[in-house]
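The values are calculated or read from the model by the stated rules, or taken from the named source; none is laboratory data. Model, not experiment: these values are computed from the prediction. Backbone-built Cβ (ideal geometry, glycine too); neighbour counts: all protein chains shown. Remember, those area values only see protein heavy atoms, side chains included, never the ligands or the DNA or RNA. Shrake-Rupley method; radii C 1.70, N 1.55, O 1.52, S 1.80 Å.
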Amino acid sequence: LLRSNRSLLQGQQQQSNHVGEINGEKIAYQEFQERVNRAKQNFKRRRQTDELSERMLASIQDRAWQQLVFSKAFQREQEVLGLEVTDDELFSMVQGQNPHPSVKRAFRDPQTGEFNRQNLRRFLQRLNEGMPNQASQRQVQRFEQQKQQWLQFEESMMQQREREKFFALVKKSFHVTDLEARRDFMNENKTASIS
């Protein structure tokens, strides 16, 4: 090992192209890195910066791993349970009476700080209409980038709603019987005198 001038980790990476295992499934380095790259792009776009500190990068990597854990472990269980976000739910989250907090943040009026429904409608209408034929190559690229970012944004909201449904179902599945409640009450309130 010392003579070859290679570290132990480099040797392992050449032997295995996996960064971990979730629910018995090996996670390829490339799959993980793609998620990290998408998260970095989103972070830079939201913060309007190209600079990332090591702390920010570590946080982004951790978030990307957590998303992988969710998609590999929880989503399978959700599929078995039949939990999904319908088109009507997504419409309600975006354009309903009380849009998702992320939508409200993304379409805030800069002067008032309040949610601007008109800006949201104009943006969605522009996405639906597409680019005119006389658009420049740069305009087309920008449009495609915005459309892709919007689809990722919607996907993120849907995943969050699926998690909320899953955890609400788990929470409601716990039931404490009267006997258990009485026993816990007695244990909490029992006192003894020792001499």
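Odds and ends about this structure:
- In the stretch 103-120, of all residues being surrounded by 15 or more Cβ atoms within 10 Å (Cβ to Cβ) and part of a helix (DSSP H, G or I), the one that is modelled with the lowest pLDDT corresponds to A106.
- Against the test of being over 21 Å from the mean Cα position of the chain (by Cα), of a type outside the set (V, I, T) and not in a loop (DSSP other than H, G, I, E, B), the options F166, F123 yield a single qualifying residue, F123.
- Unique residue being in a helix (DSSP H, G or I), closer than 30 Å to S173 by Cβ and in contact (Cβ under 8 Å) with a residue 40 or more places away in the chain when the list is Q66, Q152, Q75: Q75
- Residue that is surrounded by the most Cβ atoms within 10 Å (Cβ to Cβ) [pool: residues in the stretch 130-149 that are assigned to a helix (DSSP H, G or I) and more than 28 Å from the chain's Cα centre (by Cα)]: Q139
- Hey, L57 assigned to a helix (DSSP H, G or I) and closer than 16 Å to Q41 by Cα or not: yes
- In the stretch 80-95, the residues that are closer than 16 Å to F123 by Cβ and either open to solvent by less than 30 Å² (accessible area, probe 1.4 Å) or under 17 Å from the mean Cα position of the chain (by Cα) (or both): L90, M93, V94
- Selection count, the stretch 73-100, where residues are of a type outside the set (D, E, K, R) and under 30 Å from I27 (Cβ atoms): 13
- Qualifying residue in the stretch 85-99 (condition: without any contact (Cβ under 8 Å) to a residue 12 or more places away in the chain and of a type in the set (D, E)): yes
- Across the stretch 37-62, the number of residues qualifying as open to solvent by 50 Å² or more (accessible area, probe 1.4 Å), within 15 Å of the chain's Cα centre (by Cα) and touching a residue at least 40 places away in the same chain (Cβ under 8 Å) comes to 1.
- Test: residue in the stretch 26-36 that is open to solvent by 50 Å² or more (accessible area, probe 1.4 Å), at pLDDT below 90 and of a type outside the set (D, E): no
Listed here are the residues, each with its yes/no results for (1) modelled with pLDDT under 90; (2) part of a helix (DSSP H, G or I); (3) not small (G, A, S).
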site	(1), (2), (3)
N5	yes, no, yes
Q14	yes, yes, yes
E21	yes, no, yes
F43	yes, yes, yes
R46	yes, yes, yes
S71	yes, yes, no
D88	no, yes, yes
S92	no, yes, no
